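Read-outs throughout are calculated quantities, based only on the coordinates presented, and are distinct from any laboratory measurement. Every value quoted in this text rests on a predicted model; they were computed, and no experiment measured them. Glycine also receives a Cβ, built like all others from the backbone with ideal geometry; neighbour counts cover every protein chain displayed.
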């Protein structure tokens, strides 16, 4: 799935396990979807609609809470 805003693109790959983040047409990051989503939200927060922004934040919170439980 591909998300776009301003001059940034988030490409979710491999069922959400890896992603790519592009800024101004240049590849800035490839790897963890969590990290790529954080970059995208930080860059595009003002331009994203509330539903999409809420979806990303929920996914990031779920992944963070899962990782915290796994570490304990």
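Stretching the chain fully between residue 62 and residue 27 yields a gain of 10.0 nm (0.36 nm per residue, less the alpha carbon separation). Annotation: extensible slack from residue 45 through residue 4 equals 13.6 nm (criterion: 0.36 nm per residue apart, minus Cα-Cα distance). Under 14 Å from a point 7 Å along the Cα-to-Cβ line of residue 55: which residues of region 1-29 have their amide N that close? Under 14 Å, as judged by backbone N against the label point of residue 55, lie 1-5, 10-13, 16 of region 1-29. Panel note: the C-alpha atoms of region 2-71, placed on their principal axes, show extents of 36, 25, 18 Å (largest first).
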